[in-house]
1. Taking residue 43 as meeting all but one of (1) surrounded by 10 or more Cβ atoms within 10 Å (Cβ to Cβ); (2) within 13 Å of the chain's Cα centre (by Cα), write down the number of the exception.
2. Inside the range 30-69, can you point out the residues that are in a strand (DSSP E or B) and in contact with a strand residue (DSSP E or B) (Cβ under 9 Å, 6 or more places away or on another chain)?
3. I need every pair where a residue in the range 45-71 that is under 20 Å from residue 17 (Cβ atoms) has its Cβ under 6 Å from the Cβ of a residue that is exposed (fewer than 10 other Cβ atoms within 10 Å of the Cβ) and modelled with pLDDT under 90, sequence separation at least 6 or different chains.
4. Among the residues of the range 1-21, write down those that are farther than 18 Å from residue 46 by Cα and loosely packed, with under 10 Cβ neighbours inside 10 Å.
5. Please count how many residues of the range 25-40 are touching a residue at least 12 places away in the same chain (Cβ under 8 Å), out of contact with any helix residue (DSSP H, G or I) (no Cβ under 9 Å at 6 or more places or on another chain) and surrounded by 12 or more Cβ atoms within 10 Å (Cβ to Cβ).
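The values are calculated or read from the model by the stated rules, or taken from the named source; none is laboratory data. Since this is a predicted model, take the numbers as computed values, not measurements. Counting neighbours? That spans all protein chains shown, and the Cβs are built from the backbone with ideal geometry, glycine included.
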């Protein structure tokens with residue numbers, strides 16, 4: 001078993017300019033921790049993989065295609 005501590009992982013350089021850390025990165029899957037502070041937002045973009053969100057706090061708007069949902 002491997003234990004991963006988010007705060008010990010290096011912050012990735014991204015166009016979004018926020019706290020992004022890769023927790024797991026393999027050809028078959030990737031897990032990325034993204035911390036958004038109040039008022040921050042990801043820039044609209046297209047991903048080459050399926051994405052899921054695990055929201056710990058807050059009620060963000062998530063846009064998929066032309067649809068925006070408040071979660």
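1. Every condition holds for residue 43 apart from (1).
2. 30, 31, 32, 33, 34, 35, 61, 62, 63, 68, 69
3. 62/71
4. Those that are farther than 18 Å from residue 46 by Cα and loosely packed, with under 10 Cβ neighbours inside 10 Å: 1, 2, 3, 5, 7, 8, 10.
5. Residues in the range 25-40 being touching a residue at least 12 places away in the same chain (Cβ under 8 Å), out of contact with any helix residue (DSSP H, G or I) (no Cβ under 9 Å at 6 or more places or on another chain) and surrounded by 12 or more Cβ atoms within 10 Å (Cβ to Cβ): 5 in total.
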